[in-house]
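See structure below.
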Amino acid sequence: MVCVCNATYCDTLDPLVLPAVGSYVKYESSKAGKRLERSEGRFQRKLCAPGSTEGGRDGMGWGGPCCNPPSRWAPLPADVVLTLDTTQRFQRVKGFGGSITDAAAINILSLPERAQDHLLRSYFSEEGLEYNLIRLPMASCDFSLHAYTYDDVPYDYELTHFSLRDEDTKLKVSSGREQASAMSKRPLSLYASPWTSPTWLKTSESYVGKGTLKGQAGDRYHKTWANYFIRFLDEYAKHNVMFWAVTAENEPTAGLINNYPFQCLGFTAEQQRDFIARDLGPALANSSHRHVQLIILDDNRLHLPHWAKVVLEDEKAARYVHGIGIHWYLDFIGPIQDTVLPTHELFPDYFILATEACIGAHFWERDVILGCWERGNQYSHSILMNLNHFVAGWTDWNLALDLEGGPNWVKNYVDSPVIVDGSEGIFYKQPMFYHMGHFSKFIPEGSQRVGLVASKESKKTALEYTAFLRPDGAVVVVVLNR
């Protein structure tokens, strides 16, 4: 189940129009081939008892004096009733989106111009999924053609040789950010994450493998690394690209692993706390980027609540921090109720944001499986689980990859909601794409989660669901039947 898009054709959605009072609009995607298929109906004033044949059909209880018939007759699944409770209010939403890596930009730019336009519109415009979050790697990551940073001149503590690369100016800025902004009705929030510092700041003196910053927090190594963040924000600002947030480090625990295969920089929770308190926090606060928010962890939720406690129970560090980022790769060994939930309860004033997820990263998974419905299910299941446990949004990994699941300089191929075949000038929208849309298009930034209670557990099928009150006063309910 894929949609094939090229320079002349791509499926689109009509801009969302809110239904009249007493009516609803339904969007459905299915394994059988529905892709955000729209239909409308009217609410019944009262639920008919299952089995009542009065005016109904086949004893299923539509019609009769107590019911307004729906627009299309269908059996009433009275096995379970979901009741909305808007008096229960939970977290507000930051948003949904994906990442513009070097690889994503290379794939987007490999398409004919009209097809590029279709791809970006599919993600960012009103006729698409209306993403509002974009994550950008600071310099290279594994989804680059090679390893690099913005200052690979040894011992340049003043960062006089700091400069953006072609990968930034010719790929990431031009391919994604500018066009996405132009076609988006919603304000875009960009956030950046570094994978590695320049090698001359690291104990390993290498992009890869086990290694941390040399020295201690407060010294010239740490001050230089903090100033590198400021220079990054300065240089992007020259291209009119402003950031909502930065994360202190992508997967800080990766750099604590022997022989780690791609770019990393190790921090323990204590090291991250001290770096933020003494170096990165003050550098941001004393710069023209003091409005840029700071996100800690940006790693598997397994490290919660410990990581949050170490950093946020320290007053000096906590004053500079706004949120906590989580990745999904080890969710199966870190249940959400043991990790995210206690973190929210301990630190309710800090948002929790899912900052990276993709399928195909584990050695037992195939990299790309075109049209795989089950992978869409995995996305929706994760998003629902996160939203129902106080997470403020969910960011996919690469916006687009090739048929192999790359390019990736260490061959760490994975899957993506959009797969590009540059040689044919086409791209495929996968089930993961449509599953993302059930959240991103309908739950805009500022929406607030509200209560949604099931009458009983359905005997026929285990449904998963969530509900949000939008800023415009409409209510969105998302239901997944895996």
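The values are calculated or read from the model by the stated rules, or taken from the named source; none is laboratory data. Since the model is a prediction, treat every value here as computed from it, not as a measurement. Note that we place each Cβ from the backbone using ideal geometry, even for glycine, and neighbour counts take in every protein chain shown. Remember, those area values only see protein heavy atoms, side chains included, never the ligands or the DNA or RNA. Shrake-Rupley method; radii C 1.70, N 1.55, O 1.52, S 1.80 Å.
Using a simple spin-label model with pseudo-atoms 7 Å out from Cα toward Cβ, Gln88 and Arg366 lie 4.0 nm apart. For Ile352, list long-range residues whose amide hydrogen, built 1.01 Å from N in the peptide plane, is under 5 Å from its own amide hydrogen. Those lying under 5 Å, H to H, from Ile352 are Ile324, Ala392.
Amide H to amide H, with H built 1.01 Å from N, Leu330 comes under 5 Å of Arg301, counting only residues 5 or more places away or on other chains. Close amide H partners of Gln263, meaning residues 5 or more places away or on another chain with modelled amide H under 5 Å apart, are Asp142. Evaluate E = 1/(1 + (r/R0)^6) for Leu145 and Arg482, where r is the Cβ-Cβ distance and R0 equals 51 Å; express this FRET efficiency to the nearest 0.05. After rounding to 0.05, the efficiency reads 0.85. Taking every DSSP helix (H) stretch of at least 4 residues in the chain, weighting each as -39,500 (n - 2.57) and dividing the sum by the residue count yields a mean residue ellipticity at 222 nm of -6000 deg cm²/dmol. Using alpha carbon centroids, what distance separates region 214-284 and region 299-375, in Å? Cα centres, region 214-284 to region 299-375: 19 Å. Assuming R0 = 56 Å, what is the FRET efficiency of Ser455 and Arg220, from their Cβ-Cβ distance, to the nearest 0.05? Efficiency at R0 = 56 Å is approximately 0.35.
For Lys223, the lysines whose Cα comes closer than 17 Å to its Cα, not counting residues fewer than 8 places off in the same chain, are Lys202, Lys214, Lys316. Between the helical axis of 336-346 and the longest alpha-carbon principal axis of the chain there is an angle of about 70 degrees. Computed from the Kirkwood radius of its Cα pairs, the Stokes-Einstein diffusion coefficient for region 239-319 at 25 °C and 0.890 mPa s stands at 182 µm²/s. Against the chain, whose longest principal axis is taken from its Cα atoms, helix 113-124 shows a tilt of about 70°. Karplus-based coupling profile of region 308-321, in residue order and whole Hz: 5, 4, 4, 6, 8, 7, 9, 4, 5, 6, 4, 5, 9, 9, with θ = phi - 60° in 6.51 cos²θ - 1.76 cosθ + 1.60 and x standing for Gly or Pro. If I compute solvent accessible area with a 1.4 Å probe over the protein chains, what percent of it on the chain is carbon and sulfur? About 51 percent, which is the carbon plus sulfur part of the accessible surface. Each Cα pair under 8 Å and six or more residues apart adds its separation to the average, and for the chain the resulting relative contact order is 20 percent.
Roughly what % of DSSP beta bridges within the chain run antiparallel, to the nearest 5? In the chain, DSSP labels about 45 percent of beta bridges as antiparallel.
Modelled label positions at Leu346 and Val4, each set 7 Å beyond Cα in the direction of Cβ, lie 5.2 nm from each other.
Straight-line reach from Lys26: taking Cα to Cα under 30 Å and skipping same-chain neighbours fewer than 8 places apart, the lysines in range are Lys34, Lys46, Lys94, Lys185, Lys429, Lys441, Lys456, Lys459, Lys460. Treat every Asp and Glu Cβ in region 94-449 as -1 and every Lys and Arg Cβ as +1, leave all other atoms uncharged, and give the resulting dipole magnitude about the Cα centre to the nearest 20 debye. Computed charge dipole of region 94-449: roughly 560 debye. Relative to the longest principal axis of the Cα atoms of the chain, helix 431-440 runs at roughly 90 degrees. Taking one equal scatterer on every alpha-carbon of the chain, how large is log10 of I(q)/I(0) by Debye at q = 0.06, 0.07, 0.12 1/Å? For the chain at q = 0.06, 0.07, 0.12 Å⁻¹, log10 I(q)/I(0) is -0.28, -0.38, -1.06.
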